[in-house]
Amino acid sequence: MLTIEMVRPLYKNDSAHDFEHVLRVLANAEQIGQAEAANMELLQAAVLLHDIARADQESTGKEHAAEGARRAQEMLTEQGYPADFVEAVVHAIAAHRYRIKNPPLTLEAKILYDADKLDSIGAVGLGRAFAYGGYINRPLWSEDPASAHTVWHEFQIKLSKVKDTLFTDTARQIATNRHEFMVQFVAQMSAEVQGKR
């Protein structure tokens, strides 16, 4: 069985996608998976490996979900996992992206998607968006559609829509509070930037 200790060295990602992100996604997935009666060993393997190619995406140009699925297939096959288990993990990893049209089809793939997306919203999600913006040297905030992509743009384009893309009832329940927090935060931030509060 894959363990946290085995997988941790594979992650050299930026602070928005680091191993702490993986651990948060794992916590989300465990909560959802238990409520939704998922195969927890399969789900854990998919979560632990879902971003293993993230750090290389910029340098190689290979989309990290597809490349991560390929690497996971090699790793799990070498470790002697059954072919159907490997195939299910590979599908979950390949289908976990928000911006790639490759929908998850199995329960475990849907849970990985949901658990990963829950980490992109709420207080943690906004924190990650600010951290990533700083990492790539973007402005802190701008509401000008023509300006560099800021957290405001990320909220408009993605974060405000995430809760409506989730597959499981459990994840949708968790997302409700996180979504409401983001809406309030963005309104407060916008007002402060304009000197209105």
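Scanning segment 89-106 for residues that are surrounded by fewer than 20 Cβ atoms within 10 Å (Cβ to Cβ) and in a helix (DSSP H, G or I) turns up just one, 91.
Restricting attention to segment 134-159, the residues that are among the small types (Gly, Ala, Ser) and either in contact (Cβ under 8 Å) with a residue 24 or more places away in the chain or in contact with a Phe, Trp or Tyr (Cβ under 8 Å, 6 or more places away or on another chain) (or both) add up to 1.
Do you know which residues across segment 160-173 are among the hydrophobic types (A, V, I, L, M, F, W, C) and either over 20 Å from residue 97 (Cβ atoms) or in contact with a Lys or Arg (Cβ under 6 Å, 6 or more places away or on another chain) (or both)? If you could, list the steps in order and put the result at the bottom.
Step one: list which residues in segment 160-173 are among the hydrophobic types (A, V, I, L, M, F, W, C), which gives 162, 166-167, 171.
Correct list: 162, 166, 167.
Residues that are within 20 Å of residue 86 (Cα to Cα) and of a type outside the set (S, T, N, Q), at least 2 per element: which helices (runs of 4 or more DSSP H) completely within segment 1-70 meet that?
Values: elements: 4-7, 19-36, 40-49, 57-60.
It comes to 4-7, 19-36, 40-49.
Filtered by the rule that a residue be in contact with a helix residue (DSSP H, G or I) (Cβ under 7 Å, 6 or more places away or on another chain), in a helix (DSSP H, G or I) and either among the hydroxyl-bearing types (Ser, Thr, Tyr) or crowded, with 20+ Cβ neighbours inside 10 Å (or both), segment 108-127 gives 108, 109, 111, 112, 114, 115, 116, 117, 118, 122, 125, 126.
Just so you know, all these numbers are worked out from the coordinates, no wet-lab data involved. Since this is a predicted model, take the numbers as computed values, not measurements. We place every Cβ from the backbone using ideal geometry, glycine too, and count neighbours over all the protein chains shown.
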